[in-house]
1. Divide by every residue of the protein assembly as shown the summed helix terms, -39500 (n - 2.57) for each DSSP H run of at least 4, and state the resulting mean residue ellipticity at 222 nm, rounded to the nearest 500 deg cm²/dmol.
2. Any chance you could get the radius of gyration and Dmax over the Cα atoms of the protein assembly as shown, in Å?
3. From largest accessible area down, sort B:Ser126, A:Ser23; use a 1.4 Å probe on the protein chains.
4. Which sequence of A:Asp36, B:Asp85, A:Asp129 reflects their accessible areas, 1.4 Å probe, from the largest down?
5. Just to check I understand the Karplus step: with θ = phi - 60° and J = 6.51 cos²θ - 1.76 cosθ + 1.60, what whole-Hz values come out for the range B:84-90, glycine and proline as x?
6. Count neighbours as other Cβ atoms within 10 Å of each site's Cβ, and list the GluC sites (Glu not before Pro) in the range B:83-134 that are DSSP loop with at most 15 such neighbours.
7. Quick one: Cα convex hull volume of the range B:46-137, Å³ per residue?
8. Could you quickly flag the chain A residue whose beta carbon comes closest to the rotation axis taking A to B, and that distance in whole angstrom?
There are 2 protein chains.
Amino acid sequence: MQLSNSSQYAIRILAYMADQKDSELMNATELAEVLDIPYKFLAKIMTELVKVGLVVSIRGREGGYKFEKKTSEIMVSDILDIFNDSIKDEQCVLGIGFCNGMCKCALHDQWMEPKHLLQKMFRESSLEDIAGRGCKI
Amino acid sequence: MQLSNSSQYAIRILAYMADQKDSELMNATELAEVLDIPYKFLAKIMTELVKVGLVVSIRGREGGYKFEKKTSEIMVSDILDIFNDSIKDEQCVLGIGFCNGMCKCALHDQWMEPKHLLQKMFRESSLEDIAGRGCKI
DNA sequence: GTTTAATTCTACCTTTAAGTAGTAATTATA
DNA sequence: TATAATTACTACTTAAAGGTAGAATTAAAC
Ligand code: SF4
Ligand code: SF4
């Protein structure tokens, strides 16, 4: 009942980047150091973020990563999607989900409300919301 | 963002057992067959359920498993606890949770409500509630 | 052009969850 | 007492996630 490591790292990376508005371009070495994420693993994650178009990479000397879109337009759910961690509409709490609407277990209806709250939270919170408070996550 | 396989299986097993009130004692072979869970894996899970005292096992010929407590007294969260899948009070949505109360990200407060709903749901739903509807989960 | 600081790629290693196999122990029943 | 049916135990294998290493590639700077 938790996000994958990759999602957690990705969120922390992007939130940190969003915080450093002044220095547009951030390199992997610094990110890994300050966020205490294994350098190579971070690089792997960054590559995925680039592939999916959230950030762009500038290769070569003086290179680094920067946002492709405004941080207010990048939602947490966009990040979770990449690592297949977002909550699908049809997802059962238990993860079982054979049961059809006709024959519901006691949890079925109770799950709707927290599910919607979570989806709303992930879909409506942008990186700008998460960062921009002067504190690291 | 999902329960482990073991938790899912355990819930399905116990829910099925709860449904079969007539035949008190259920054996692993039948459970594995009807629930379509690998026999050996099921046996392993059952051993854990026995260890933790949710069910008792009768060994030897004509043996099997039966509940130790009333199914109305076994809560979903009791099962999740066994496989370390329940939602801890201090658990952050993102799973990060370095952040103290002083410096909260935008998700921090939004997470409280769905978290409490989920905890309540797991803690207050018994096996009797989940089963007893004539449908398999 | 060469050097150098940076990203990217491919392939591998490690750890944990999931699943399997075989055998020992237990007990009702014939 | 022998047999068959059943759980318990120990150890292994497989699959997936998490993480690492090193070479290849890129492009600024000199
Ligand atoms: S009825 Fe229960 S087990 Fe089935 S899909 Fe709904 S919540 Fe999941
Ligand atoms: S502030 Fe955000 S990241 Fe930190 S513990 Fe709270 S929810 Fe988690």
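The values are calculated or read from the model by the stated rules, or taken from the named source; none is laboratory data. Here the structure is a predicted model, which means the values were calculated and not measured. With ideal geometry, Cβ positions are generated from the backbone for all residues, glycine too; neighbour counts draw on all protein chains shown. We work out accessible area using only protein heavy atoms, side chains counted, and drop any ligands, DNA or RNA first. Shrake-Rupley method; radii C 1.70, N 1.55, O 1.52, S 1.80 Å.
1. On the way: 12 runs with 132 residues, N = 274.
Here the helix-only value at 222 nm equals -14500 deg cm²/dmol.
2. Rg and Dmax of the protein assembly as shown, Cα atoms, are 22.6, 74 Å.
3. A:Ser23, B:Ser126
4. Details: A:Asp36 125, B:Asp85 15, A:Asp129 60 Å².
The ordering from most to least exposed comes out as A:Asp36, A:Asp129, B:Asp85.
5. Result, rounded to whole Hz: 6, 10, 7, 8, 7, 4, 8.
6. Details: sites: B:Glu90, B:Glu124, B:Glu128; in loops: B:Glu90.
The qualifying sites are B:Glu90.
7. Numbers: hull volume 12.0 nm³, N = 92.
Enclosed volume per residue, from the Cα hull, is 130 Å³.
8. Result for the axis mapping A onto B: A:Pro114, 2.
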